[in-house]
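Below: one structure, written as structure tokens.
The values are calculated or read from the model by the stated rules, or taken from the named source; none is laboratory data. This one's a predicted model, so the numbers in the text were calculated from it and none came from an experiment. So basically every Cβ, Gly included, is an ideal-geometry build from the backbone, and we count neighbours across all protein chains shown. What goes into the accessible areas is simple: the full protein's heavy atoms, side chains included, and nothing from ligands, DNA or RNA. Shrake-Rupley method; radii C 1.70, N 1.55, O 1.52, S 1.80 Å.
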Amino acid sequence: MSYELKSAGALSGEPCRYGQSRLLVRGPQRSLDAPYVAFLGGTEVYGRFVEFPFVDSLQSRLGVDCINLGSVNAGLDSFAQDESLIGIARDAQVSVMQMLGAQNISNPYYRVHPRRNDRFLQAKPALKTLYPEVDFTEFHFNKHLLCTLRDISGQRFEQVREQLQRSWVERMSTLIEALDGRVLLLWLRYQLDADTGFPEEPVLVDRSMADALRPKVQGILEFRAESAAAAHDIAGMVFGQMELPAARHMIGPKEHLRIAEALSARLEPLLPEK
């Protein structure tokens, strides 16, 4: 099997910014004058290592501009704190919002980076009290932190998990309300390798959390995908020589086409007739 050993910067659609936002999202930058559909999400919506992410495929399928506001390593807080991107999504005919992992939000136990939400910044007093034996200066990423806390004490970790899930539902509800409920949620699920610490993306998101949001939105598309490695979908991805391990965990081009097909069927009834 051959791979395209290029830098991911060789992809079409160089990262761009909209308005006053400091978040780099997938290009090409598109006009916001015509009616459009907005897509908010993380690495999967961005289409890391993929030449044509599902958002691009949807533009041709739907016949309407599709604005890709996906950003690599973004979490829910990346959008909840960004008035420019919220404004763009609010003005869309409908917004597709990826259900991102619950580990990557600031919460009563710890604070994350405001844009790269996968990065751990600081433990709060409640977490230091719950885990007094832990030196939190050793952690840089939320998954590493949570795996360590779970290994130390499964019982205490349950308190952290429950709080993260409550915070996630509250943050999602606030964002959905800001978009006037004109939202289709994309629950993009796929298995992770055992060495990643958690069995599935999105991390710590379960059906009860999805059901809590169901009355607030236009619908939820639950889609089971496979990583590029599991789907033998690495050929055609674009990545540098050292990026193969990361590319294997991403969603490949064939899966992006499947996602576009499923989303097209759900979005068409939500768009005004032409």
Subject >> Note, ³J(HN,Hα) from phi for region 53-65, Karplus 6.51, -1.76, 1.60, rounded to Hz, x at Gly and Pro >> reply: x, 4, 4, 5, 4, 5, 4, 6, 6, 8, x, 9, 4
Original post:
Under the rule of -39500 (n - 2.57) per DSSP H run of 4 or more residues, summed and divided by the residues of the chain, what mean residue ellipticity at 222 nm is obtained, to the nearest 500 deg cm²/dmol?
Top reply: -10000 deg cm²/dmol
**OP:** Could you work out which residue, out of P53, P132, P253, moves most in a Gaussian network model of the chain, that is, has the largest mean-square fluctuation with Cα springs under 10 Å?
**Re:** P132
Original post:
At what distance in nm do the modelled label points of E51 and D211 sit from each other, each positioned 7 Å from its Cα along Cα→Cβ?
Top reply: 4.4 nm
**OP:** Report the paramagnetic label zone for K124: residues of region 138-156 whose backbone N is under 20 Å from a point 7 Å from Cα along the Cα-to-Cβ axis.
**Re:** 138-150, 156
Original post:
Under the classification rounded if a/c is under 1.5, otherwise prolate if a/b is larger than b/c and oblate if not, where does region 182-274 fall, given a ≥ b ≥ c as square roots of the Cα gyration tensor eigenvalues?
Top reply: oblate
Original post:
To the nearest 0.05, how large is the calculated FRET efficiency for Q191 and H140 if R₀ is 30 Å and r is the Cβ-Cβ distance?
Top reply: 0.75
Original post:
Given 5 Å bins starting at zero, what is the percent of C-alpha pairs of the chain in each, up to the one with the largest pair distance?
Top reply: 1, 6, 13, 17, 19, 17, 13, 8, 4, 2, 0, 0, 0
Subject >> Rounded accessible area per residue of the chain, 1.4 Å, Å² >> reply: 45 Å²
Original post:
Taking 1 over the mean of 1/r across every pair of different Cα atoms in region 66-117, what Kirkwood radius in Å do you get?
Top reply: 11.8 Å
Original post:
Using modelled backbone amide H atoms (1.01 Å from N, in-plane), which distant-in-sequence or interchain residues come within less than 5 Å of V238's amide H?
Top reply: V50, E51
Original post:
In degrees between 0 and 90, to the nearest 10, how far off the longest principal axis of the chain does helix 154-178 point, with axes built from Cα atoms?
Top reply: 30 degrees
Subject >> ³J(HN,Hα) computed for each position of region 130-147 - Karplus, 6.51 cos²θ - 1.76 cosθ + 1.60, integer Hz, glycine/proline x >> reply: 5, 10, x, 7, 9, 8, 6, 6, 7, 9, 10, 10, 5, 4, 4, 4, 5, 4
Subject >> In Hz, Karplus ³J(HN,Hα) per residue of region 29-37 (6.51, -1.76, 1.60; θ = phi - 60°; x = Gly, Pro) >> reply: 5, 10, 5, 9, 7, 7, x, 8, 10
Subject >> Added length on full extension, which subtracts the Cα-Cα distance from 0.36 nm per residue, A34 to T148 >> reply: 36.2 nm
Original post:
To the nearest 10 degrees, how steeply does helix 253-267 sit against the main Cα axis of the chain, on a 0 to 90 scale?
Top reply: 80 degrees
Original post:
How long is the gain from A265 to L244 if the chain were fully straight, where each residue apart is worth 0.36 nm and the alpha carbon distance is subtracted?
Top reply: 4.3 nm
Original post:
Comparing E170, E201, E138, which has the greatest mean-square fluctuation in the GNM of the chain with Cα pairs linked when under 10 Å apart?
Top reply: E138
